[in-house]
Amino acid sequence: TRAGESLLPHADGILARMMRAQEDLMLLDRPGHGRLRIGATVTISQYVLPSVLRELRESFPAFDISVSTDDSRGLVAQLEAGDIDVAVALETSFSAPLNREPLFDDTIQMALSPLHPLASKPKIRTQDILEESFIFYNQTSETFRLLEQESIANGLKLNTAMQVGSMAAIKEMAKIGMGIGLLSPWVAEQEIASGVLVFRNLPWRNLQRKWSIHRDPRHEPQMIEEVFSGICQNVVQTLQLRTEQLLLQKSVS
């Protein structure tokens with residue numbers, strides 16, 4: 001019935017919170033034990049979480065730590081359903097009701113093979129990219145939505161060479177000249193260091209994304225969540241700093 005359909009999401013939320021409460025009570029009998037269910041995008045899972053989880057497990061060896069991977073919108077839905085405790089994701093209109101702790105900002109740029117004509121061009125203008133083919137991240141992602149929104153705002157439609165589901169695939173395709181990859185430099189530290197990818201700004205206003213650690217406001221955060229947040233901040237700052245230094249060295253050389 002329509003009434004049942006309306007009630008179902010509320011009932012699911014209540015059941016999830018009851019299960020969480022029951023598990024928390026059980027953990028009271030096991031001092032030092034607990035769990036943390038982390039949600040993260042594919043990019044964060046691949047380039048940030050490995051270092052974070054290593055430090056987190058050293059600090060909380062008796063905790064059950066799990067990771068769920070989804071896009072930013074999917075992670076918001078998992079938080080609201082009580083399926084995860086924290087999520088590292090892009091800020092979207094869907095995440096407005098959640099508690100958000102800013103993590104970092106990044107900018108989408110053009111990743112090119114060093115042999116690409118635009119790689120060494122002193123100044124890239126809008127007309128220079130009209131005939132180029134671009135490699136986008138998955139069209140269901142928040143990143144694709146932002147790219148599409150920004151290109152329309154600048155009066156052009158970027159030609160699509162390929163849409164893929166991972167930043168690693170975008171990098172590999174850009175390296176062999178299949179198109180211009182659209183991604184942020186911090187996911188390409190090794191490629192920048194080895195000189196197989198060159199990053200250039202888009203010829204219009206740079207596309208900036210905001211990453212945050214999201215939490216459900218309906219439950220009190222655990223100490224492990226606060227530690228997780230602090231480790232994430234340190235790992236991201238270090239990663240971004242290393243990448244910025246590499247880009248500066250390459251531009252000088």
Quiz item: Which members of segment 202-242 meet the condition of being of a type in the set (Lys, Arg) and either closer than 27 Å to Ala62 by Cα or not in a loop (DSSP other than H, G, I, E, B) (or both)?
Solution: Arg209, Lys210, Arg215, Arg218, Arg242
Quiz item: Which residue pairs have Cβ atoms under 7 Å apart, sit 6 or more places apart or on different chains, and have a first residue in segment 231-250 that is more than 13 Å from Tyr47 (Cα to Cα) and a second that is aromatic (Phe, Trp, Tyr)?
Solution: Leu247/Phe199
Exercise. Could you check, for segment 27-41, whether at least one of its residues is part of a helix (DSSP H, G or I), at pLDDT below 80 and among the aliphatic types (A, V, I, L, M)?
Key: yes
Quiz item: Restricting attention to segment 117-163, which residues are surrounded by 12 or more Cβ atoms within 10 Å (Cβ to Cβ), at pLDDT 85 or above, assigned to a loop (DSSP other than H, G, I, E, B) and aliphatic (A, V, I, L, M)?
Solution: Ile124, Ile129
Exercise. With respect to Val236, determine if the residue is among the aliphatic types (A, V, I, L, M) and at pLDDT 95 or above.
Key: yes
Quiz prompt | Search result, residues across segment 53-112 that are under 22 Å from Leu239 (Cβ atoms), open to solvent by 30 Å² or more (accessible area, probe 1.4 Å) and assigned to a helix (DSSP H, G or I) | solution = Leu53, Arg54, Glu55, Arg57, Glu58, Ser59
Exercise. Only residues in segment 75-96 that are farther than 24 Å from Leu8 by Cβ count as the first member; pair them with residues that are assigned to a helix (DSSP H, G or I) and polar (S, T, N, Q), Cβ under 6 angstrom, at least 6 apart or cross-chain, and list the lot.
Key: Ala89/Ser72; Leu90/Ser72
Quiz prompt | Whichever residue in segment 205-252 is farther than 19 Å from Leu36 by Cα and among the charged types (D, E, K, R) and, among such residues, is surrounded by the fewest Cβ atoms within 10 Å (Cβ to Cβ) | solution = Arg205
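The values are calculated or read from the model by the stated rules, or taken from the named source; none is laboratory data. For clarity, every value in this text was computed on a predicted model and none was experimentally measured. With ideal geometry, Cβ positions are generated from the backbone for all residues, glycine too; neighbour counts draw on all protein chains shown. Just the protein is used for accessible areas: all its heavy atoms, side chains included, with ligands, DNA and RNA removed. Shrake-Rupley method; radii C 1.70, N 1.55, O 1.52, S 1.80 Å.
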